[in-house]
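The values are calculated or read from the model by the stated rules, or taken from the named source; none is laboratory data. Computed from a prediction, not measured in an experiment: that's the story for all the values here. Cβ coordinates were reconstructed from backbone atoms using ideal geometry, including for glycine residues, and neighbour counts include every protein chain displayed. Quick note on the areas: whole protein, heavy atoms, side chains included, nothing else; ligands and nucleic acids left out. Shrake-Rupley method; radii C 1.70, N 1.55, O 1.52, S 1.80 Å.
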Amino acid sequence: MDIDTLIQVLDSSLRFATPLLLACLAGLYSERAGIFDIGLEGKMLAAAFLSAAVAYTSGSAWVGLLAGVGVAMGLALLHGVASITFRGNQLISGVAINFLAAGLSVVVAQSWFAQGSRTPQLAGAARFENLNLPFAEQLADVPLLGPLYSDLLSGHTIIVYLALLAVPATWWLLFRTRFGLRLRAVGENPAAVDTAGISVIRLRFSAVLICGILCGIAGAYLSTSLQAGFTKDMTAGRGFIALAALIFAKWRPWHALYTCLLFGFLQALALRPDLIENTLGFKVQVQLLDALPYILTVIILAGFVGKAIPPRAGGEPYVKER
Amino acid sequence: MEKMPKWADVILIPMISLILAAIISAFVIMAIGENPLIALQKMVDGAFGNTQNIGYTLYYTTNFIFTGLAVSVAFHARMFNIGGEGQALVGGLGVAIVCLYIPWPHWSLALLGASLGAAMFGAMWAAIPAYLQARRGSHIVITTIMFNFIAASLLNYMLVGPLKPLGSMEPASAPFPEATHLPNFQEMFNPIWQIFAGEEAKAIFLRSPANITFFLAVIACFVVWALIWRTRLGYQLRSYGLSETAAKYAGISPFKIIMIAMLISGGLSGLMAVNQAQGDAERLVLNAVEGAGFIGIAVALMGRSHPFGVFLAALLFGALYQGGAELAFWTSIPREMIVVIQALVILFTGALDNMVRMPLERLFIAKNRKQEG
């Protein structure tokens, strides 16, 4: 594999990793606060649809993004009401949200645009445009570093940079602020937080809503940056890969970045089976590459390579003692 | 102790949840500019309007009975088997291998063999997450989700690779041999019907995929009922589900219970493939399960994990599924509307159960107090 091809593959890895990373961080907030969320997929899908639909109608990708974030937050609120207020089963609520989004996005798309289950192609300002980082053109000719900077790092949409920035921001928020300390505590020992006179319910709701915002951005990225419009089931299991990445990263922000880049790389490779064959000299089944993130996660879950210990109060509704 | 009467728990609450789901579905249908009453009529017609439609409804019902029972058995041991989808996919692999590579003399033996193959493959696919939960403490929900995706990749590989017949372009196995053909409802009931209605009478269950596997599903309901409520194992399963610590003190091995519950659960999911692959398609195709594994969750929740409830809920979802297909045919409401209805059923009967239950409980307690006072 020559350097140009490598950079090309890495470039698409970054593109694929972005929605994973956003969804993974979304899950991170929620699960650190003790709310399991297998509805990441659904929130992303709903956001992907609505942001494409609104971007097309309004002609502005930013308005679309806002709408996507809005619908994802709405679903997050539903998850919160079910699992925090009514102490319902968080897993079942997540399953329901996934189905709700899968069904509604198609039903509404059909009645809105009458083009089957898709939105019209987005063009112009309805899509996020690629940004060129400063000096990208001037540095392009510098050996090695030049292509790395101007081809790999530069030339993505703003959401990619936003996602990358979200990693240190999340780390800072969770580990360097009072809010973060409390949020993590509420996922480990909600009773202690409650005893300290801090509202468990409010903390958990804010975590779930942050999760909604990030899922919304992830969904908007899919339909207004990565592709030009919404198609049925376009998240294609990314919510679950993000969940896998979250476990792989053991609920830590920086590790989430590395894991998502790795999983993005696997997705990029799955599209170029010819490259693997040329490099390794033998044929690797595409299906194996597709399944690899899941297989790796099962191995991590099994504790064969370091143990993944979830937040202790995860999945349990908090009942104040009377 | 003040409690709700049992009928309220098993009938009233699911009914209210169902009505809430129906009301919101009606709003969705109205929002996209269609009449919910006409939609309902089309759906009922589509599900039960003639024997062919009933045949389709019962075909889907059969699928959902198996996956619903699968989720129920795991629920009794307080495990959430979300992997029905993958287990049914791998069960299909079992059916295909049994049907393609063993020369069966008669369909009845083929049915037995395929059922065994399906159940064993499904159980095997559930065994790994079960073992990981029991021995290594990995969360069963997450591992079974992962196994759904791994199963999808595996099937993908098998159907474009080893199982695909030479020269075929389609991602599907070779057609199963003639001898494995299961009697469908038309072949089973038409001769009887003609005795009563005369030779020239219009055939019943014409071209519908319902087949003898439906009765296998009904038998499975009885077997699961007997297992859960009439055997020592079922008792242990339920006790473990109610209280793990109490069960441990009573000498029940959690490892054994987790493994057995999940093996049965996976086996039942796998059996769904008999209906789909052997009964209808007569070969293994891509995406054969079509979400039935997930619908099993809704069915189990609606049916309160009781085989009889599962049967009724599966019938309801079978009718929804078939009615939804007809709905898409006759109106501009897409087929995915049934996914929305299904989601709302899961939401209200599962996640928002307390929303209905808490006020009702208060109501009953107030009523009891009044009677006592």
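Please provide three numbers in whole Å: the alpha-carbon extents of segment B:253-373 along the principal axes, with the largest listed first.
Over segment B:253-373, Cα extents along the principal axes are 67, 52, 21 Å.
In whole percent, what relative contact order does segment B:69-221 give with Cα contacts below 8 Å and a gap of six or more residues?
Relative contact order for segment B:69-221 comes out at 23 percent.
When only alpha-carbon atoms count, how far does the protein assembly as shown stretch along each of its three principal axes, as whole angstroms with the largest first?
Here the spans come out as 89, 79, 56 Å, largest first.
Dipole magnitude of the protein assembly as shown about its Cα centre, charges +1 at Lys/Arg Cβ and -1 at Asp/Glu Cβ only, in debye to the nearest 20?
On the way: 44 positive and 37 negative charges, 545 e Å.
Result for the protein assembly as shown is approximately 2620 debye, rounded to the nearest 20.
Just to check I understand the Karplus step: with θ = phi - 60° and J = 6.51 cos²θ - 1.76 cosθ + 1.60, what whole-Hz values come out for segment A:265-280, glycine and proline as x?
Taking θ as phi minus 60°, the curve returns 4, 4, 5, 5, 5, 4, 7, 10, x, 4, 5, 5, 4, 5, 6, 8 Hz for segment A:265-280.
Could you order the peptides B:113-123, B:353-363, B:161-171, A:209-219 from most to least packed, using the average number of other C-beta atoms within 10 Å per residue? Walk me through the intermediate numbers first.
Values: B:113-123: 25.3, B:353-363: 15.7, B:161-171: 11.2, A:209-219: 28.7.
Result, highest mean first: A:209-219, B:113-123, B:353-363, B:161-171.
Which residue, A:Ile241, A:Ile299, A:Ile84, tops the fluctuation ranking in a GNM of chain A built on C-alpha contacts under 10 Å?
Looking only at A:Ile241, A:Ile299, A:Ile84, the largest GNM fluctuation is found for A:Ile299.
For every other residue with a beta carbon closer than 11 angstrom to the beta carbon of B:Ile145, add +1 if it is Lys or Arg and -1 if Asp or Glu, then tell me the sum. Don't jump to the answer; show the numbers that get you there.
Values: positive: none; negative: A:Glu41, B:Glu85.
Counting the neighbours of B:Ile145, the net charge comes to -2.
Distance between the C-alpha centers of segment A:53-127 and segment B:91-163? Whole Å please.
When both Cα centres are located, 34 Å separates them.
In square angstrom, rounded to the nearest 10, how much accessible surface does A:Arg32 have for a 1.4 Å probe?
Number for this one is 40 Å².
Counting only other chains, and only Cβ atoms inside 10 Å, what mean value do you get across the residues of B:329-337?
Working: counts 0, 0, 0, 3, 3, 10, 5, 13, 5.
The per-residue average across the peptide is 4.
Would you mind giving the mean number of other chain beta-carbons within 10 Å of the Cβ of each residue in B:151-160, as a whole number? Kindly include the intermediate steps, with their values, before the conclusion.
Details: counts 2, 5, 10, 3, 1, 5, 6, 1, 1, 3.
Other-chain Cβ atoms within 10 Å of each residue's Cβ, averaged: 4.
What translational diffusion coefficient, to the nearest whole µm²/s, does segment B:141-187 have by Stokes-Einstein, given a Kirkwood radius computed over alpha-carbon pairs, a temperature of 20 °C and 1.002 mPa s viscosity?
D, rounded to a whole number, is 164 µm²/s.
If each Cα of segment A:180-309 is one equal point scatterer, what is log10 of I(q)/I(0) from the Debye formula at q = 0.11, 0.15 Å⁻¹?
For segment A:180-309, the Cα-only Debye profile gives -0.55, -0.91.
Find the centroid of the Cα atoms in segment B:19-87 and in segment B:297-373, then give the distance between the two in whole Å.
Here the answer is 10 Å between Cα centres.
Per residue, what volume in Å³ does the convex hull of the Cα atoms of segment A:117-200 enclose? Intermediate results must be reported in sequence, preceding the final value.
On the way: hull volume 17.6 nm³, N = 84.
Considering the Cα atoms of segment A:117-200, their hull volume per residue is 209 Å³.
Between B:Val95, B:Val345, B:Val141, which gets the highest mean-square fluctuation from a Gaussian network model of chain B, Cα cutoff 10 Å?
B:Val141
Please work out the average accessible area per residue across segment B:207-366, using the 1.4 Å probe convention, and give it in Å².
On the way: 6120 Å² over 160 residues.
Per residue, segment B:207-366 has an accessible area of 38 Å².
Give me the lysines in straight-line cross-link reach of B:Lys6: C-alpha distance below 22 Å, same-chain residues under 8 apart excluded.
By straight Cα distance, B:Lys6 reaches B:Lys367, B:Lys370.
Please report, in whole Å³, the volume per residue of the convex hull around the C-alpha atoms of segment B:45-157.
Dividing the Cα hull volume of segment B:45-157 by its residue count gives 140 Å³.
Below 13 Å, Cα to Cα, which aspartates and glutamates can A:Lys320 reach? Residues fewer than 8 away in the same chain don't count.
Straight-distance partners of A:Lys320: A:Asp194.
Which sequence of A:Lys250, B:Lys202 reflects their accessible areas, 1.4 Å probe, from the largest down?
Working: A:Lys250 60, B:Lys202 175 Å².
Descending order: B:Lys202, A:Lys250.
Which value in deg cm²/dmol, rounded to the nearest 500, describes the helix-derived mean residue ellipticity at 222 nm for chain B, given -39,500 (n - 2.57) per DSSP H run of n ≥ 4 and division by the residue count?
Helix-only estimate at 222 nm: -23500 deg cm²/dmol.
State, as an integer percentage, the relative contact order of segment A:75-170 based on alpha-carbon contacts under 8 Å between residues 6 or more apart.
Over segment A:75-170, the number comes to 16 percent.
Per-residue accessible area for B:His106 at 1.4 Å probe radius, Å² rounded to 10?
Probe radius 1.4 Å; accessible area of B:His106 about 90 Å².
Below 27 Å, Cα to Cα, which lysines can B:Lys202 reach? Residues fewer than 8 away in the same chain don't count.
Cross-link targets: B:Lys42.
In terms of the Cα gyration tensor, with a ≥ b ≥ c the square roots of its eigenvalues, is chain B rounded because a/c is under 1.5, prolate because a/b exceeds b/c, or oblate?
Oblate.
Take segment A:33-90, drop everything but the C-alpha atoms, weight them equally and run the Debye formula without solvent; then report log10 I(q)/I(0) at 0.12, 0.16 Å⁻¹ to two decimals.
-0.33, -0.52
Using a Gaussian network model of chain A whose springs link C-alpha atoms within less than 10 Å, name the residue from A:Leu122, A:Leu139, A:Leu21 with the highest mean-square fluctuation.
Result: A:Leu139 has the largest fluctuation of those listed.
Given only helices, namely DSSP H runs of n ≥ 4 each adding -39500 (n - 2.57), what is the per-residue ellipticity at 222 nm of chain A, to the nearest 500 deg cm²/dmol?
-21500 deg cm²/dmol
At what distance in angstrom do the alpha carbon centres of segment A:3-45 and segment A:290-316 lie from each other?
16
Other chains' Cβ within 10 Å of A:278-288 residues: what's the mean?
Mean shielding by partner chains, rounded to a whole number: 2.
Can I get the semi-axes of segment A:1-55's equivalent ellipsoid? Compute them from the C-alpha gyration tensor as square roots of 5 times the eigenvalues, in angstrom, largest first.
29, 18, 7
Over the Cα atoms of segment B:72-130, what Rg and Dmax result, in angstrom?
Every Cα atom of segment B:72-130 included, Rg and Dmax give 13.3, 42 Å.
Calculate the translational D of segment B:172-298 in whole µm² s⁻¹ from Stokes-Einstein, where the hydrodynamic radius comes from the Kirkwood formula applied to all Cα pairs, the temperature is 25 °C and the viscosity 0.890 mPa s. Write out the running numbers ahead of the final one.
Values: Rh = 17.8 Å.
It diffuses with D of about 138 µm²/s by this estimate.
I need the per residue convex hull volume for segment A:33-192, using only the alpha carbons, in cubic angstrom as a whole number.
158
What percent do you get for the relative contact order of chain B when only Cα pairs under 8 Å and 6+ apart count?
Relative CO of chain B lands at 35 percent.
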